[in-house]
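Report on the structure given below.
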Amino acid sequence: MFTIGTLDFLDAQALHDYLIQGYDFQGEWSLHENLLHPIQCLINEGAGNLAYALFGSSNFELDLSKYNTFTDTIYSAFDYNTPANEKNIAFFRYLVSNTKNINKEIKGKTLLSHGFSSGLAPEFISLLIHAGCNINYKDNTNSGYLHQIIDSYWHVIIEETKLVWFVLLIEAGININQKNNDGETTLIYAIKKRNYQYIKTLMDYGADPNETDNYKCSAFYYVISYGDRNEAFDLMKKYAVPDFEMVNHYGETSFIAFMKRFKGNNSDLQLLSKLIEMGASFSQTATGHYGEIISAISLLANKSLEVLKFVLDKGFIDAHTKDNNGDTLLHKVCTSYTAGDRETAKNVYRKAKLLIDAGADPNALNNKNQTPTTLALLDHAKRKTVELLLAMS
């Protein structure tokens, strides 16, 4: 039941009978604020034809420049509850076809963004797009509609609906690699927000995973360098290969950043295997915060014994491989800081033995003509390691 003025109507049929007899609503009862709720009740019942008739009795304006808020417009009658049946779609088509200044921004919103935030069915969103709503509009953070959809959360709007909105915008020609104020593409934004359900759609339509943000970090960088993002990487690698040589604002490549964060859990080990398979190399170097050169080999040397064994067993690195300073893994293990701690010194010994068993040369010289033995001698806690190295020399 709903009320218009002093009249109570049991349902849409009762209103239909009233209107078909030639009655309408005069004076204050024709004001849009009095008819908005009845119109909404009608379209929620799927009676868009009756809502159209009632709309004709109102003083609603279809010029958006006349309004200060979308709440006062006829469009506020449509929301996530509005069924997209034939009668409602016909009424909505009439409205959008006759709306003036359809791209007018009202309090930071456009008619299209209002439609998204209201949870409109894709059929209504499609009508807005085809009526001329600007799909490349950006808000005050320079975020486009794709960013806004990713960012939106309202439990009544199901993810499938948002994915259809996504495709509608993309197929209408929206720039899929558009960036916000931080230079984040839609793909980067989806990854950072962990909204992986959008990745396949974006990649299907040509999103570039090597496009960078203001920090020269790509979508691949954020997937590789941050933890527990195997799912996103698996989706993206079906379409493109990471640019492992790309250096970001911090002087890092994605692989160096990965090795810095690497903890050695199963997720990390799985991703490491995929990265090596796709072209990542332990010969990579990067510039540190103070201008020092950091090598992937030096980062690997600081990982656990189990990680070293995994890498050697898989053949991801040769025990003789040298970094930019001519240091092998054995050199780097022998320079590990122990602070005189016995357990740390034992780990150095275990790593050194593992490397020697894998073929590392204790007499190999780096660019400073230092051997692993020379470096181990600098730390009294590494006495056992020195004995091992001397025995193998």
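The table for this structure:
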read-out	value
One residue from PHE92, PHE55, PHE116 being over 26 Å from GLU159 (Cα atoms) and among the aromatic types (Phe, Trp, Tyr)	PHE55
Members of the stretch 322-351 that are modelled with pLDDT of 95 or more, in a loop (DSSP other than H, G, I, E, B) and of a type in the set (Ser, Thr, Tyr)	THR328, THR335
Total residues in the stretch 171-222, condition at negative phi and small (Gly, Ala, Ser)	5
Every residue from the stretch 155-199 that is loosely packed, with under 15 Cβ neighbours inside 10 Å and touching a residue at least 60 places away in the same chain (Cβ under 8 Å)	VAL156
Qualifying residue in the stretch 374-386 (condition: in a loop (DSSP other than H, G, I, E, B) and hydroxyl-bearing (Ser, Thr, Tyr))	no
Criterion violated by THR338 - all others in (1) crowded, with 18+ Cβ neighbours inside 10 Å; (2) in contact with an Asp or Glu (Cβ under 8 Å, 6 or more places away or on another chain) satisfied	(1)
Wholly within the stretch 42-156, helices (runs of 4 or more DSSP H) carrying at least 1 residues that are of a type in the set (Phe, Trp, Tyr) and in contact with a Gly (Cβ under 7 Å, 6 or more places away or on another chain)	86-98, 122-130
Candidate set from the stretch 284-320 (those that are assigned to a loop (DSSP other than H, G, I, E, B) and within 24 Å of ASP234 (Cα to Cα)); member that is modelled with the lowest pLDDT	GLN284
Single condition LEU355 does not satisfy, out of (1) out of contact with any Phe, Trp or Tyr (no Cβ under 9 Å at 6 or more places or on another chain); (2) assigned to a helix (DSSP H, G or I); (3) surrounded by fewer than 21 Cβ atoms within 10 Å (Cβ to Cβ)	(3)
Residue within the stretch 234-251 that is under 21 Å from the mean Cα position of the chain (by Cα), in a loop (DSSP other than H, G, I, E, B) and buried (at least 20 other Cβ atoms within 10 Å of the Cβ) present	yes
Residue satisfying condition, being crowded, with 19+ Cβ neighbours inside 10 Å and closer than 20 Å to THR69 by Cβ, within set LEU128, LEU146	LEU128
Filter result for the condition that a residue is within 40 Å of the chain's Cα centre (by Cα), without any contact (Cβ under 8 Å) to a residue 24 or more places away in the chain and over 25 Å from ASN248 (Cβ atoms), over ASP357, ASP313	ASP313
Search result, residues across the stretch 329-346 that are more than 38 Å from the chain's Cα centre (by Cα) and over 17 Å from LEU378 (Cβ atoms)	ARG342, GLU343, LYS346
Condition met for ILE176 (of a type in the set (A, V, I, L, M, F, W, C) and either outside any helix (DSSP H, G or I) or under 28 Å from ASN98 (Cβ atoms) (or both))	yes
Residues satisfying the stated conditions in the stretch 252-270, i.e. charged (D, E, K, R), assigned to a loop (DSSP other than H, G, I, E, B) and either touching a Lys or Arg at 6+ places or on another chain (Cβ under 7 Å) or surrounded by 18 or more Cβ atoms within 10 Å (Cβ to Cβ) (or both)	GLU252
Subset of the stretch 183-223 [touching an Asp or Glu at 6+ places or on another chain (Cβ under 6 Å) and in a loop (DSSP other than H, G, I, E, B)]	GLY183, GLU184, ASN210, ASP213, ASN214
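The values are calculated or read from the model by the stated rules, or taken from the named source; none is laboratory data. Since the model is a prediction, treat every value here as computed from it, not as a measurement. Please note: Cβ atoms are built from the backbone with ideal geometry, for glycine as well, and neighbour counts cover all protein chains shown.
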